[in-house]
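Colleague: Pasting in a structure now, in structure tokens, and then I'll have a few things to ask.
The values are calculated or read from the model by the stated rules, or taken from the named source; none is laboratory data. Treat the numbers as computed from the prediction; the structure is a model and nothing was measured. Heads up, the Cβs are rebuilt from the backbone with ideal geometry, glycines too, and the neighbour counts pull from every protein chain shown.
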Amino acid sequence: MGWGDLCSYGHPTQECGEIDKMVAEGMRFTQWYSADSLCSPSRAALLTGRLPIRVGVWGGERVFANDGSGGLPKNETTIAEVLKDAGYATGMVGKWHLGINEFLPGDGRHLPHHHGFDFVGTNLPFTNHWACDESKVHLAHPNPIKCFLYWNATLVQQPFRHDNLTASFLQDSVAFIHSNKDTPFFLYLSFAHMHTDMFSAPRFRETSRRGRYGDGLRELDWAVGEVLKTLVSLQIQHRTLVIFLSDHGGHLEICTEGGSNGILKGGKASTWDGGLRVPGIAWWPGVVAPGQVSQHLVSSMDVFQTAAELAGVTPPKDRIYDGKSLVPILLEKAPAVPTSKLPPSPRTLFHYCSDRLMAVRYGEYKAHFYSMELPTNYTEHCPSGVPKVEYYTSFDCYGPHITHHEPPLLYNIDRDPGELYPLPVGQYDEVIANILAAKLQHQASLVPGKAQCKETSTTLQPCCNPPFCYCNYKPASHR
């Protein structure tokens with residue numbers, strides 16, 4: 001989902017709904033950044049509070065493949081593991097995309113139950129892939145082998161059906177909440193929306209002015225609303241913090257079905273702000289004041305430290321964390337608008353493409369040491385606004401489309417959020433010096449984890465009923 005996709009984030013034709021109501025009742029962040037512009041690394045960073053380069057979720061095509069042997073390393077500590085040790089019930093439902101098998105086709109050694117989740121409901125270990133497009137709008141012959149659904153660690157559907165996918169995620173999530181309403185719990189609910197291919201249940205089709213993308217967003221909006229209504233009906237909303245966010249920016253190369261990043265440059269896979277800045281919303285009735293807008297520079301990696309502080313636990317001290325607790329902001333102990341444009345120690349974010357440090361955000365400034373060339377052939381590629389094939393700006397972080405900048409390209413993001421007007425670096429010597437010092441200090445402390453996304457093997461492809469790779473079982477909880 002892109003930064004400009006929601007009604008409350010300024011989209012002119014997207015219907016307002018439950019997520020926008022959540023904004024009105026909570027806090028909207030205008031500068032929430034994902035730790036990466038692709039699925040797997042951003043999710044690894046969210047769950048561990050650490051940059052993907054530290055945890056090893058990099059290399060190859062930067063995401064885990066359906067037949068890959070790599071995964072989120074078991075020596076990394078997730079939010080679920082920290083909270084589980086503090087007595088929380090932990091649950092995961094939806095898209096995982098942090099590895100599946102390691103040695104054998106069905107060993108499931110990278111699945112969520114190995115990372116602190118006691119309950120794992122309906123889940124996509126891989127992703128909602130382009131090859132799963134049942135409408136055949138873009139592919140005349142989809143490849144269903146890449147389209148599989150698990151319940152806990154068991155493959156139950158191949159190919160999976162889109163019609164009730166979101167409803168299944170919702171059903172399992174609501175059941176988990178009901179089962180744990182009297183105890184502390186942590187639920188990681190990761191929807192398949194808004195990922196290629198676009199889909200929605202029949203009741204939502206052709207209901208949005210935006211077409212298939214808008215239909216899917218309306219279904220997502222409905223499901224989010226049902227989760228919030230469940231908390232209210234159980235009267236536990238006053239002790240439950242809900243954070244809504246996207247894992248990266250919109251996928252502009254798929255035209256009207258890729259989402260909107262508003263005025264931001266670039267999109268998915270790039271380190272321009274359109275690939276990294278995402279919607280971020282916090283909802284906690286009675287604790288987070290309604291109608292708040294925070295302009296603080298925050299990261300998805302902050303969720304880990306926020307959860308740890310609220311639970312009163314201390315994460316392992318044998319590693320470096322890149323996130324910070326959002327508790328002072330959520331509880332209004334910090335002003336919604338930073339009081340100083342450039343405080344003594346401004347928030348610094350490091351933007352990577354795989355293992356290459358591309359850009360550094362330093363307070364209101366952003367310096368690009370490398371940048372990706374953006375596509376210019378949208379008209380040719382998107383007849384009638386619909387893409388002919390799927391493609392990205394690039395997965396490759398070292399190809400000829402990458403430009404090295406020395407000195408770096410410098411932007412004032414507060415004044416120029418679209419990254420259109422580079423500043424004359426000669427007039428910003430102090431800013432450049434501070435950014436270079438922060439960069440050197442960061443790189444001196446960095447020990448990259450072993451690259452996990454390089455490991456692939458066709459023998460590890462999940463397949464039920466070999467050699468047919470076709471099944472449609474109903475989980476016991478859905479019977």
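Yes or no, residue by residue, for (1) under 21 Å from Pro184 (Cα atoms); (2) more than 15 Å from the chain's Cα centre (by Cα):
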| residue | (1), (2) |
| --- | --- |
| Leu51 | no, no |
| Val55 | no, yes |
| Ala65 | no, yes |
| Ser69 | no, yes |
| Pro73 | no, yes |
| Val82 | yes, yes |
| Asn143 | no, yes |
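Colleague: Take the residues in segment 424-465 that are free of Cβ contacts under 8 Å to residues at least 60 places away in the same chain and part of a loop (DSSP other than H, G, I, E, B), then tell me which one is farthest from Thr122 (Cα to Cα).
Modeller: Among residues in segment 424-465 that are free of Cβ contacts under 8 Å to residues at least 60 places away in the same chain and part of a loop (DSSP other than H, G, I, E, B), the one farthest from Thr122 (Cα to Cα) is Pro424.
Colleague: Do you know which residues across segment 218-244 are of a type in the set (A, V, I, L, M) and more than 20 Å from Gln171 (Cβ to Cβ)?
Modeller: Result: Leu241, Ile243.
Colleague: Follow-up question, since we're still on this one. Filter segment 180-200 down to residues that are hydrophobic (A, V, I, L, M, F, W, C) and in contact with a Leu (Cβ under 8 Å, 6 or more places away or on another chain), then give me how many there are.
Modeller: 5
Colleague: Taking segment 47-66 on its own, how many of its residues are within 16 Å of Leu111 (Cβ to Cβ) and touching a Pro at 6+ places or on another chain (Cβ under 8 Å)?
Modeller: Number of matching residues: 2.
Colleague: Please go through (1) surrounded by fewer than 19 Cβ atoms within 10 Å (Cβ to Cβ); (2) within 20 Å of the chain's Cα centre (by Cα) for Pro12 and return the number of the only condition it doesn't satisfy.
Modeller: Among (1) surrounded by fewer than 19 Cβ atoms within 10 Å (Cβ to Cβ); (2) within 20 Å of the chain's Cα centre (by Cα), Pro12 violates only (2).
Here is a yes/no grid of residues against (1) touching a helix residue (DSSP H, G or I) at 6+ places or on another chain (Cβ under 7 Å); (2) in a loop (DSSP other than H, G, I, E, B):
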site	(1), (2)
His178	no, no
Thr183	no, yes
Phe186	yes, no
Met194	yes, yes
Met198	yes, yes
Thr207	yes, yes
Leu217	no, no
Ala223	yes, no
Val232	no, no
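Colleague: Using the structure shown, decide if Val93 is in a loop (DSSP other than H, G, I, E, B), of a type outside the set (Lys, Arg) and either buried (at least 22 other Cβ atoms within 10 Å of the Cβ) or touching a residue at least 60 places away in the same chain (Cβ under 8 Å) (or both).
Modeller: Taking the combined requirement at face value, the residue does not satisfy it.
Colleague: Here's a follow-up. Among the residues of segment 39-60, are any more than 26 Å from Phe117 (Cα to Cα) and either surrounded by fewer than 24 Cβ atoms within 10 Å (Cβ to Cβ) or not small (Gly, Ala, Ser) (or both)?
Modeller: yes
Colleague: Quick check, is Asn101 over 23 Å from Ala223 (Cα atoms), of a type in the set (S, T, N, Q) and part of a loop (DSSP other than H, G, I, E, B)?
Modeller: When the stated conditions are applied, Asn101 passes them.
Colleague: For residues in segment 195-219 being surrounded by 22 or more Cβ atoms within 10 Å (Cβ to Cβ) and among the aliphatic types (A, V, I, L, M), which is farthest from His129 (Cα to Cα)?
Modeller: Among those that are surrounded by 22 or more Cβ atoms within 10 Å (Cβ to Cβ) and among the aliphatic types (A, V, I, L, M), it is Leu217.
Colleague: Here is a follow-up. Only one of (1) out of contact with any Phe, Trp or Tyr (no Cβ under 9 Å at 6 or more places or on another chain); (2) not assigned by TED's automatic domain parsing to the domain that holds Gly262 is not met by Ser42, so which one is it?
Modeller: (2)
Colleague: Also, quick follow-up: So which residues in segment 424-442 are more than 14 Å from Phe369 (Cα to Cα) and crowded, with 17+ Cβ neighbours inside 10 Å?
Modeller: Those that are more than 14 Å from Phe369 (Cα to Cα) and crowded, with 17+ Cβ neighbours inside 10 Å: Tyr428, Val431, Asn434.
Colleague: Do we find that Thr122 is more than 13 Å from Asp197 (Cβ to Cβ), in contact (Cβ under 8 Å) with a residue 60 or more places away in the chain, β-branched (Val, Ile, Thr) and surrounded by fewer than 20 Cβ atoms within 10 Å (Cβ to Cβ) in this structure?
Modeller: No.
Colleague: Considering segment 125-144 alone, what residues qualify as being among the β-branched types (Val, Ile, Thr) and buried (at least 18 other Cβ atoms within 10 Å of the Cβ)?
Modeller: Thr127
Colleague: Moving to a separate point now. May I ask you to list pairs of residues, at least six apart or on different chains, whose Cβ atoms are under 7 Å apart, with the first in segment 1-25 being more than 17 Å from Gly267 (Cα to Cα) and the second being of a type in the set (Lys, Arg) and in a helix (DSSP H, G or I)?
Modeller: Glu15/Arg218; Gly17/Arg218
Colleague: So, one more: Please work out if Lys146 is closer than 27 Å to Gly68 by Cα and charged (D, E, K, R).
Modeller: It is true that Lys146 is closer than 27 Å to Gly68 by Cα and charged (D, E, K, R).
Colleague: Six or more apart or on different chains, Cβ under 7 Å: which pairs go from a residue in segment 399-421 that's without any contact (Cβ under 8 Å) to a residue 40 or more places away in the chain and assigned to a strand (DSSP E or B) to one that's surrounded by fewer than 16 Cβ atoms within 10 Å (Cβ to Cβ) and hydroxyl-bearing (Ser, Thr, Tyr)? Could you list them?
Modeller: none
Colleague: Please verify whether segment 308-321 includes one or more residues that are buried (at least 17 other Cβ atoms within 10 Å of the Cβ) and either closer than 30 Å to His381 by Cβ or among the β-branched types (Val, Ile, Thr) (or both).
Modeller: Within segment 308-321, not a single residue is buried (at least 17 other Cβ atoms within 10 Å of the Cβ) and either closer than 30 Å to His381 by Cβ or among the β-branched types (Val, Ile, Thr) (or both).
Colleague: Let me ask another. If you go through segment 341-357 one residue at a time, do you hit one that is under 25 Å from the mean Cα position of the chain (by Cα), closer than 17 Å to Asp36 by Cα and modelled with pLDDT under 95?
Modeller: no
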